[in-house]
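As structure tokens, the structure follows; a few thoughts come after it.
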There are 2 protein chains.
Amino acid sequence: MSVEAQLRAGKTRLRLWLKLLKTSNAIEAALRDRLRTEFGTTLPRFDVMAALARTPEGLKMSELSRRLRVSNGNVTGIVDRLEAEGHAERRAVAGDRRAMEVRLTAAGRAHFATLAEAHEDWVNALMGAITEEEAQRIMSDLDAVARDLEEKR
Amino acid sequence: MSVEAQLRAGKTRLRLWLKLLKTSNAIEAALRDRLRTEFGTTLPRFDVMAALARTPEGLKMSELSRRLRVSNGNVTGIVDRLEAEGHAERRAVAGDRRAMEVRLTAAGRAHFATLAEAHEDWVNALMGAITEEEAQRIMSDLDAVARDLEEKR
DNA sequence: CGGATTTATTTCAAGCATAAAATATCTTTG
DNA sequence: CAAAGATATTTTATGCTTGAAATAAATCCG
């Protein structure tokens with residue numbers, strides 16, 4: 001590829017990044033806003049509940065932090081609040097007195113079912129401009145980026 | 001479109017959203033990390049400096065908040081910190097004693113030039129898996145989403 | 001066994017982000 | 001002109017996020 005084409009591709013990638021960021025921020029803001037106004041909750045709490053909903057037997061704090069790719073201290077705070085709401089509970093782990101297992105309460109499971117359904121509808125509406133085919137193509141491009149990023153890390 | 005195809009498209013859009021979010025979070029995290037370790041600064045400060053660099057005559061606080069789509073109070077804090085670093089300055093606006101104009105200092109302009117060049121290189125490397133053509137196509141898809149979102153708001 | 005290291009979690013300080021309230025000033029309008 | 005409303009900014013309270021330090025418990029290994 002020529003030097004000029006390289007330079008052009010670089011500028012295009014920068015523009016793509018800015019647009020990607022803007023779009024994902026806009027969608028995220030819409031989701032946060034609806035979670036707050038319609039259900040009085042937040043995206044981080046939703047994300048933790050989603051992870052817990054997938055593993056009914058519970059997850060250790062460190063597992064939760066690893067899966068969500070956020071710091072340990074962050075998870076501590078979010079689980080504190082979910083626990084205060086009665087949506088999650090910590091339990092001692094048999095055989096390791098350092099560890100804590102977190103799981104959804106019955107109330108938490110019921111609440112999450114409602115949230116998840118609304119969330120799926122919102123996303124579907126927000127991304128209504130994308131067809132099934134476009135979505136597939138973008139996903140495969142993003143997979144390439146993710147694999148590349150993974151290697152670099 | 002059949003009911004089944006509709007359902008399938010909905011699930012695909014949800015998967016796309018999760019992937020979009022994950023990718024953009026990963027790239028953003030890499031940029032934050034480099035800004036912090038290599039330059040001791042942050043993405044919000046970079047964003048404010050980028051907006052100010054585009055308008056050398058300065059911007060009012062409210063203009064800045066509108067362009068970056070963040071709250072007024074948020075801009076207050078970021079500009080406070082940029083000012084403390086000596087990278088930006090507030091000036092009274094002639095004819096409106098409520099308003100403040102913010103602009104980069106000479107040191108701020110010099111610092112931002114360095115940051116912006118590194119930033120462009122990082123983005124280019126992080127998105128290296130995307131070709132010029134793919135980038136163009138994804139951007140036009142994202143434009144469709146953005147237009148759609150704009151209407152809904 | 002017992003000291004050194006690793007692992008699991010929490011705490012802490014700082015910054016970012018929001019919505020809502022507070023201030024101050026400008027503009028409109030009766 | 002004066003009250004009412006609009007606009008510009010800051011302050012406040014709350015929550016999310018991180019990296020680094022602090023605790024506590026488990027594991028390793030000489």
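The values are calculated or read from the model by the stated rules, or taken from the named source; none is laboratory data. Note that the structure is predicted; figures quoted are calculated from it, not measured. Note that we place each Cβ from the backbone using ideal geometry, even for glycine, and neighbour counts take in every protein chain shown. Keep in mind that these areas ignore ligands, DNA and RNA; they rest on the heavy atoms of the full protein, side chains included. Shrake-Rupley method; radii C 1.70, N 1.55, O 1.52, S 1.80 Å.
Quick rundown of the values:
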| quantity | calculated |
| --- | --- |
| Inter-chain Cβ neighbour average for residues A:115-127, partner chain, 10 Å | 4 |
| Cα radius of gyration and Dmax for the stretch A:56-130 (Å) | 15.0, 51 |
| Solvent-accessible surface ranking, highest first, for B:F112, B:F39 at 1.4 angstrom | B:F39, B:F112 |
| Signed unit charges on C-beta, dipole axis of the protein assembly as shown, positive-most listed residue A:L115, B:L7, A:I78 | A:I78 |
| Shielding by other protein chains, B:21-33, mean Cβ within 10 Å | 5 |
| The stretch A:41-152, dipole about Cα centre (Lys/Arg Cβ +1, Asp/Glu Cβ -1), debye to the nearest 20 | 760 |
| Proximal charge balance of A:L20 [Cβ under 14 Å; K/R count +1, D/E count -1] | +1 |
| Cut-off 9 Å between beta-carbons: net charge of the residues surrounding A:M61, Lys and Arg +1, Asp and Glu -1 | 0 |
| Dipole magnitude of the protein assembly as shown, debye to nearest 20 (Cβ charges: Lys/Arg +1, Asp/Glu -1, about Cα centre) | 720 |
| Under Karplus coefficients 6.51, -1.76 and 1.60, residue-wise ³J(HN,Hα) of the stretch B:132-144 in Hz, glycine/proline x | 3, 5, 4, 4, 4, 5, 4, 4, 6, 5, 5, 4, 4 |
| Cα-based shape type of the stretch A:95-140, given that a ≥ b ≥ c are square roots of the gyration tensor eigenvalues and the cut on a/c is 1.5 | oblate |
| Accessible area buried, both sides summed, chains A and B with 1.4 Å probe, Å² | 5000 |
| Karplus 3J(HN,Hα) series, Hz, for the stretch B:100-111 with 6.51 cos²θ - 1.76 cosθ + 1.60 (x for Gly, Pro) | 10, 9, 10, 8, 6, 7, 4, 4, x, 5, 5, 4 |
| Residue-count net charge about B:V48 - beta-carbon cut-off 15 Å; Lys, Arg +1, Asp, Glu -1 | +4 |
| Cα lying deepest toward the dipole's positive end in the stretch B:20-71, options B:T55, B:S65, B:I27, charges on Cβ | B:S65 |
| Residue-normalised accessible area of the protein assembly as shown, given per residue in Å² at a 1.4 Å probe | 56 |
| Rounded percent of accessible protein surface that carbon and sulfur make up, chain A, 1.4 Å probe | 51 |
| The protein assembly as shown: Cα Rg divided by the 2.2 N^0.38 Å rule of thumb | 1.13 |
| Chain A: calculated mean residue ellipticity at 222 nm from DSSP helix runs of at least 4, using -39500 (n - 2.57) | -25000 deg cm²/dmol |
| Cα-centred dipole magnitude for the stretch B:70-115, charges only on beta-carbon of K, R (+1) and D, E (-1), debye, nearest 20 | 120 |
| Kirkwood Rh, Cα atoms: Rg over Rh of chain B | 1.07 |
